[in-house]
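Enquirer: Attaching a single structure in structure tokens format; questions to follow.
The values are calculated or read from the model by the stated rules, or taken from the named source; none is laboratory data. None of the values given here were measured: they were computed from a predicted structure. Ideal geometry is used to build each Cβ from the backbone, glycine not excepted, and the neighbour counts take in all protein chains shown. Calculation scope for accessible area: heavy atoms of the full protein, side chains included, ligands and nucleic acids excluded. Shrake-Rupley method; radii C 1.70, N 1.55, O 1.52, S 1.80 Å.
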Amino acid sequence: MVLLEVAEIRTEPVSGAAVLLLREVDGRRHLALWIAEPERLAITDALNEEEPIRPYTHDLLARVVAVLCEEEPQCVITKVEDGVWFGELVLGAMRIDARPSDLVALALRLPVPIWCTEEVISSAGILLDAGPEDAVEEFRQFLDQVSPDDFGPGPSTSG
């Protein structure tokens, strides 16, 4: 398993679609996932440690998981098929299908690590060789050259 962290959320200039960039903690590989606006807001709020007046869905789920689970949950990105990303929320022996963008929003709230399989990072990872500032700029250049259509189905089903 490969440990990931949120590197950046970026809005693609032409379509306005959001891209979540996850970085391998002990390496240079990154994953780029197109995500829908509600998940972008949920992840951004969690990164900024903003507390809503009333809990949103990700807040509610995080509270339920924290109260009911004896073991630390795992948020794992498991595969990419035809441009669609898959993940699982692992609760003890249970494995629950989940979109990776929802897993990231949940992991940031619990807080627990975000993981992916070696197969996912090997097949879908983007290798960025430069330092942090240069890596972000290189990713921005990558985004300027791609569109959501390059990755398959739209944000509501992919991330």
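Enquirer: Pairs needed: first member in the stretch 123-150, of a type in the set (S, T, N, Q); second member anywhere, at pLDDT 70 or above; C-beta distance under 9 Å; at least 6 residues apart or different chains.
Expert: These pairs meet every condition: Ser123/Lys79; Ser123/Val80; Ser147/Glu12; Ser147/Val14; Ser147/Ser15; Ser147/Ala17.
Enquirer: Still on this structure, please answer the following. Taking only pairs six or more apart or across chains, which ones have beta-carbon atoms under 6 Å, a first residue in the stretch 34-56 that is over 14 Å from Leu106 (Cα atoms), and a second residue that is of a type in the set (A, V, I, L, M, F, W, C) and open to solvent by less than 90 Å² (accessible area, probe 1.4 Å)?
Expert: These pairs meet every condition: Trp34/Ala17; Trp34/Val19; Trp34/Phe151; Ile35/Ala18; Ile35/Leu20.
Enquirer: From the residues in the stretch 23-46 that are farther than 19 Å from His58 by Cα and not acidic (Asp, Glu), which one is most open to solvent (accessible area, probe 1.4 Å)?
Expert: Top of the filtered list is Arg28.
Enquirer: Among the residues in the stretch 79-91, are any of a type outside the set (D, E, K, R), assigned to a strand (DSSP E or B) and over 17 Å from Ile114 (Cβ atoms)?
Expert: First pass over the stretch 79-91, keeping only residues of a type outside the set (D, E, K, R): 80, 83-87, 89-91.
If we keep only those that are assigned to a strand (DSSP E or B) as well, we get 80, 84-87, 89-91.
So of that shortlist, the ones also over 17 Å from Ile114 (Cβ atoms) come out as 84.
Yes, the stretch 79-91 has at least one match.
Enquirer: Can you tell me which of Leu68, Leu128 is modelled with pLDDT under 95, farther than 25 Å from Val14 by Cα and hydrophobic (A, V, I, L, M, F, W, C)?
Expert: Testing whether each residue is modelled with pLDDT under 95, farther than 25 Å from Val14 by Cα and hydrophobic (A, V, I, L, M, F, W, C) leaves just Leu68.
Enquirer: So, one more: With the requirement that a residue be outside any helix (DSSP H, G or I) and open to solvent by less than 100 Å² (accessible area, probe 1.4 Å), what does the stretch 51-73 give you?
Expert: The answer is Pro52, Pro55, Cys69, Pro73.
Enquirer: Could I ask something else about it? Could you check, for the stretch 85-100, whether at least one of its residues is touching a residue at least 60 places away in the same chain (Cβ under 8 Å), over 23 Å from Glu5 (Cβ atoms) and touching a Ser or Thr at 6+ places or on another chain (Cβ under 7 Å)? First the steps, then the outcome.
Expert: Step one: filter the stretch 85-100 for residues touching a residue at least 60 places away in the same chain (Cβ under 8 Å), giving 85, 99-100.
Still in the list and also over 23 Å from Glu5 (Cβ atoms): none.
Among the residues of the stretch 85-100, not one is touching a residue at least 60 places away in the same chain (Cβ under 8 Å), over 23 Å from Glu5 (Cβ atoms) and touching a Ser or Thr at 6+ places or on another chain (Cβ under 7 Å), which makes the answer no.
Enquirer: Same structure again: Looking only at the stretch 85-108, count how many residues are at pLDDT 95 or above and open to solvent by less than 50 Å² (accessible area, probe 1.4 Å).
Expert: Total meeting the criteria: 15.
Enquirer: Within the bounds of the stretch 71-78, is there any residue that is out of contact with any strand residue (DSSP E or B) (no Cβ under 6 Å at 6 or more places or on another chain) and without any contact (Cβ under 8 Å) to a residue 60 or more places away in the chain? It would help to see each step written out before you state the result.
Expert: Applying the first criterion (out of contact with any strand residue (DSSP E or B) (no Cβ under 6 Å at 6 or more places or on another chain)) to the stretch 71-78 yields 71-72.
Right, trim to without any contact (Cβ under 8 Å) to a residue 60 or more places away in the chain and you get 71-72.
Among the residues of the stretch 71-78, at least one is out of contact with any strand residue (DSSP E or B) (no Cβ under 6 Å at 6 or more places or on another chain) and without any contact (Cβ under 8 Å) to a residue 60 or more places away in the chain, which makes the answer yes.
Enquirer: Condition (residue is assigned to a loop (DSSP other than H, G, I, E, B), at pLDDT 95 or above and of a type in the set (Ser, Thr, Tyr)) applied to the stretch 110-124: is it met by at least one residue?
Expert: yes
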